[in-house]
Each structure stands twice: as C-alpha cells, then as structure tokens.
Amino acid sequence: MTDIEIIAADANPLLQAVISGKARTIIEQAQARFVTTQFSMDEVRKYLPQLVQRPDFQRAGATGTELLSVLEALPVEVFTPYHYKSFIPAAQKAIRQIDPKDVDIVALALMFRAAVWSNDPHFKQAGIRCYSTEELLGWL
C-alpha cells in the first residue's frame with residue numbers, strides 16, 4: 001500500500017465492507033489505521049434493515065443482527081464530534097456547499113491528516129485527498 005497511514009472511512013465503504021468482500025479486504029489487509037465518525041456508523045446502521053430486504057440477502061438467510069455484528073467487528077475506530085470539533089470550521093469551508101452531510105468525515109480526516117475513503121466524487125472536486133475502493137484495492 002502507499003504511504004497512507006490513516007484512512008477516514010465514509011459511510012459508503014463501511015456499508016460495502018458489511019456486504020462485500022472488496023471493501024472488507026481493504027480493511028483487513030491494508031497496513032493502515034481506519035477511523036470514522038459516529039455519524040457515518042449511524043448512517044450504515046440506518047441502511048442495514050433495507051439490505052436485509054434485498055432478494056440476495058433473503059436467499060442467503062442474512063439477518064439484520066448478523067449484518068450489525070459484521071459492522072461492529074470491523075477494525076475501525078469511531079469518533080464523536082467532541083474529538084474533531086476544532087476542525088469543523090475548516091471542514092465546513094471545504095465541503096458544506098457541496099454536501100453538508102460530509103462535514104464530519106472531512107473534519108475527522110483533517111484532525112488525523114488522513115485521506116478520506118469514499119466512492120463519492122465530490123470529495124476530490126472539493127480538493128480533499130480521497131481514494132475510492134478501487135484505488136485502495138490497487139495498492140494492496
């Protein structure tokens with residue numbers, strides 16, 4: 001992997017890690033520390049019940065409890081706004097106009113001087129160092 005030591009994971013790759021092998025492979029094999037916000041974890045939890053309703057999950061017999069267990073077992077450190085509150089103004093300046101829901105993950109990334117892991121292209125459009133799942137896979 002490249003010289004990335006800390007990666008701030010947005011909600012979408014965390015959700016991918018619960019349901020697919022690619023994102024989970026990154027978390028398990030990358031020589032990096034993964035961090036995220038409580039907001040991102042709450043977003044993932046919000047969508048887990050919808051995932052269980054998908055036909056492929058119903059055929060596999062996956063339950064919401066099982067998916068939640070997978071999420072909670074991921075080696076990702078979760079931080080609340082208390083930890084990164086001093087970085088929120090800079091994060092708001094960088095991303096609020098594009099997507100105000102991403103202020104927290106950008107603030108956390110700023111606190112750790114970390115890259116953001118997301119598949120949303122607007123992070124790069126805002127000038128934030130961001131890598132997609134495919135880019136990170138290419139570094140393993």
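Of everything in the range 88-103 that's in a helix (DSSP H, G or I) and aliphatic (A, V, I, L, M), which residue is surrounded by the fewest Cβ atoms within 10 Å (Cβ to Cβ)? So the residue we want is Ala90. Residue pairs whose Cβ atoms lie under 6 Å apart, separated by 6 or more positions or on different chains, with the first residue in the range 76-90 and over 14 Å from Ala109 (Cβ atoms) and the second at pLDDT 95 or above and part of a helix (DSSP H, G or I), are Val78/Gln38; Val78/Met41; Thr80/Gln38. Annotation note: of Gly127, Gly138, the sole residue that is out of contact with any Pro (no Cβ under 6 Å at 6 or more places or on another chain) and not in a helix (DSSP H, G or I) is Gly127. Answer with yes or no whether Val116 is crowded, with 17+ Cβ neighbours inside 10 Å and not in a helix (DSSP H, G or I). Criteria met by Val116.
The values are calculated or read from the model by the stated rules, or taken from the named source; none is laboratory data. Just so it is clear, the model here is predicted, and its values are computed rather than measured. Note that each Cβ is placed from the backbone with ideal geometry, even for glycine, and that neighbours are counted across all protein chains shown.
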